[in-house]
1. Go through (1) touching a Ser or Thr at 6+ places or on another chain (Cβ under 6 Å); (2) surrounded by fewer than 18 Cβ atoms within 10 Å (Cβ to Cβ) for P31 and report which single condition fails.
2. With respect to G39, is the statement that it is modelled with pLDDT under 90 and closer than 30 Å to M1 by Cα true?
3. Of the residues T78, T69, T54, which single one is among the polar types (S, T, N, Q) and at pLDDT below 85?
4. Any chance the range 87-99 includes a residue that's closer than 16 Å to V10 by Cβ and either β-branched (V, I, T) or touching an Asp or Glu at 6+ places or on another chain (Cβ under 8 Å) (or both)?
5. Of the conditions (1) under 18 Å from K2 (Cα atoms); (2) within 22 Å of the chain's Cα centre (by Cα); (3) not hydrophobic (A, V, I, L, M, F, W, C), T53 fails just one. Which one is it?
6. Identify, from the list P31, P23, the residue that is assigned to a loop (DSSP other than H, G, I, E, B) and closer than 18 Å to T69 by Cβ.
7. Mind checking which residues of the range 45-99 are surrounded by 11 or more Cβ atoms within 10 Å (Cβ to Cβ) and polar (S, T, N, Q)?
8. Among (1) more than 30 Å from T5 (Cα to Cα); (2) under 32 Å from the mean Cα position of the chain (by Cα); (3) assigned to a helix (DSSP H, G or I), there is one condition T83 misses while meeting the rest; what is its number?
Amino acid sequence: MKLLTSIIAVLGILITIAFTITPVGMLTVAPALITIICGLILLKMYKQDGNSTTFPKVLIGLAILGAVTSSARSLFTTDKIATDVQFEERKEKSKEEAVEELEELEELD
């Protein structure tokens with residue numbers, strides 16, 4: 001039981017870290033919660049056995065840190081669409097050149 005819980009917790013923290021690094025928004029919260037739950041179960045098991053509780057505490061801490069970081073990033077980051085001024089200028093210039101070319105063609109006829 002301890003081994004299975006440890007494997008699930010380690011996989012959960014790896015997914016949490018990967019999701020925290022990539023911009024996927026609030027998807028990090030689910031694996032972080034799974035890791036926290038498994039970490040709490042491991043913490044209880046380690047205390048009952050009298051072993052060192054460092055491993056479960058590190059897992060819980062990393063999961064909380066990942067969830068908070070991802071949540072803060074998604075809450076405080078806004079996506080803005082900026083207008084491309086250079087494109088608009090090129091478009092206007094191209095339109096003016098096209099009109100001039102048409103006028104030149106009309107004069108030749």
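The values are calculated or read from the model by the stated rules, or taken from the named source; none is laboratory data. All values derive from a computational prediction rather than experimental measurement. Heads up, the Cβs are rebuilt from the backbone with ideal geometry, glycines too, and the neighbour counts pull from every protein chain shown.
1. The one condition P31 does not meet is (2).
2. no
3. From the options T78, T69, T54, the qualifying one is T78.
4. No; the residues of the range 87-99 include none that is closer than 16 Å to V10 by Cβ and either β-branched (V, I, T) or touching an Asp or Glu at 6+ places or on another chain (Cβ under 8 Å) (or both).
5. All conditions are met except number (2).
6. Result: P23 is the single residue among P31, P23 that is assigned to a loop (DSSP other than H, G, I, E, B) and closer than 18 Å to T69 by Cβ.
7. Hits for the range 45-99 are N51, T53, T69, S70, S71, S74.
8. (3)
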